[in-house]
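Report on one structure; see the data block that follows.
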Amino acid sequence: MQIILRSSCIWMALVATACGDTSSTPDAVPSGGAGSSSTQHDASPITHDDAAISSTGAGGSDQTGVDASVESAVVTTTDAAGIEAGEAGKVTASCAGGAYPLCLDFESGKVDAPWTAPNNANAKVEEGNAAHGRYAMHLSNLHSHPTLFLHAAQMPGIKDVLWGRFYLYMDPGAPVGHGALVRAFDMQTNWYEVGFETNSYLGNWHVLPGGVPERYMRSKFNIPKKAWACVEFNFDGATPDMAKVWSDGTAVMFDDIAKTPTIMKTVQFTTFDIGIVFYHGTSLTSYDGDTAPFITDEWLDDIALDTKRIGCL
């Protein structure tokens, strides 16, 4: 075959000035959004009796017809917001450019300072299921009721108003019982919370010591099952006001709100946790029990904190 090709090339040289190969670069694939829409469902009021908790933080593609000697390259560009777009237009580094006081996108393959990861084999930065890019934080074996939080011991540039954004994936879904996903502590060791209850988002404000009384805010806004959701939140400790939560850009409406206690003014947010803790069971159908189906895994990606709304990627 090599002899035939070479002879053909010599023959073509007699009737043309050159004989050679040309190649073209494949067009980029437009990017697609992550997350999915949530739905509302009815739920009966549930008695709240959370256990006391501590404020201590836990710690490329094949190309048919292209010569094998030609290597394809992925071109990386950076947009005006400092977000790098890589192969197939996917966001690969949502923390690029240092746009936020605290940010963690896991694209280094690890938990970067000033964040610290829980010292637990069930908390790992892994490939295979990221909202964007290559890596995400994987919290596993959740049926065993672990407390797994990424922790930021300082919140530079943030005082008494906190906006946040993260991507959340719960497998096979969120439990019926109450648990926490996000905790932001202030100098008085009171804390705001974004959590879950009745398979839905929950907002909360706790008083320490002991975490009770609490100003819980229940919703009927389902957390997506086995799908990425962009979760945004606002803790306004300056006003002060109740927690506000958005899921994929839609405001979560709280329809069962405790009347007391009065939310205290925040002097300074001091530490931040994101991950999971269970105050009740892990079951998706039973409040206090662990009847199957129950949550087994949670993934987190593209975490950012700021003094103003950040928005989804």
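Open to solvent by less than 10 Å² (accessible area, probe 1.4 Å), in contact with a Pro (Cβ under 7 Å, 6 or more places away or on another chain) and part of a strand (DSSP E or B) - does that describe any residue in the range 204-216? No: the range 204-216 contains no residue that is open to solvent by less than 10 Å² (accessible area, probe 1.4 Å), in contact with a Pro (Cβ under 7 Å, 6 or more places away or on another chain) and part of a strand (DSSP E or B). Considering Cys230, Cys312, the condition of being under 22 Å from Asp105 (Cα atoms), assigned to a loop (DSSP other than H, G, I, E, B) and modelled with pLDDT of 95 or more is satisfied by Cys312 alone. Listed by first and then second residue, the pairs with beta-carbon distance under 6 Å, at least 6 apart or on different chains, first residue in the range 213-228 and closer than 14 Å to Asp248 by Cα, second among the β-branched types (Val, Ile, Thr) and surrounded by fewer than 23 Cβ atoms within 10 Å (Cβ to Cβ), are Asn222/Thr39.
Going by the conditions given, is Phe269 within 19 Å of Ala152 (Cβ to Cβ) and crowded, with 17+ Cβ neighbours inside 10 Å? So Phe269 passes the test.
Close Cβ contacts (under 6 Å, 6 or more residues apart or on different chains) running from residues in the range 158-170 that are under 11 Å from Ile274 (Cα atoms) to residues that are in a strand (DSSP E or B) and of a type in the set (Val, Ile, Thr) comprise Phe166/Val231; Phe166/Ile303; Leu168/Val231.
Taken as a whole, the condition of being within 15 Å of the chain's Cα centre (by Cα) and open to solvent by less than 10 Å² (accessible area, probe 1.4 Å) does not apply to Leu142.
Name the residues in the range 181-239 that are of a type in the set (Gly, Ala, Ser) and within 16 Å of His280 (Cβ to Cβ), would you?
Within the range 181-239, Gly195, Ser200, Gly211 meet the criteria.
Only residues that are in contact with a Ser or Thr (Cβ under 9 Å, 6 or more places away or on another chain), part of a loop (DSSP other than H, G, I, E, B) and open to solvent by less than 60 Å² (accessible area, probe 1.4 Å): list them for the range 251-266, please. Those that are in contact with a Ser or Thr (Cβ under 9 Å, 6 or more places away or on another chain), part of a loop (DSSP other than H, G, I, E, B) and open to solvent by less than 60 Å² (accessible area, probe 1.4 Å): Val252, Ile263.
Condition check: part of a loop (DSSP other than H, G, I, E, B), at pLDDT 95 or above, of a type in the set (A, V, I, L, M) and under 23 Å from Ile257 (Cβ atoms). Does Ala180 satisfy that? No, not satisfied.
The residues of the range 272-295 that are open to solvent by 10 Å² or more (accessible area, probe 1.4 Å) and of a type in the set (S, T, N, Q), listed by number, are Thr285, Ser286, Thr291. Put simply, of Asp241, Asp302 the only residue that is closer than 26 Å to Asp186 by Cα, of a type outside the set (A, V, I, L, M, F, W, C) and assigned to a strand (DSSP E or B) is Asp302.
The values are calculated or read from the model by the stated rules, or taken from the named source; none is laboratory data. These figures come from a predicted structure and were not determined experimentally. Don't worry about glycine lacking a Cβ; one is built from the backbone with ideal geometry, like all the others, and counts go over all protein chains shown. Ligands, DNA and RNA are excluded from the accessible area calculation, which covers all protein heavy atoms including side chains. Shrake-Rupley method; radii C 1.70, N 1.55, O 1.52, S 1.80 Å.
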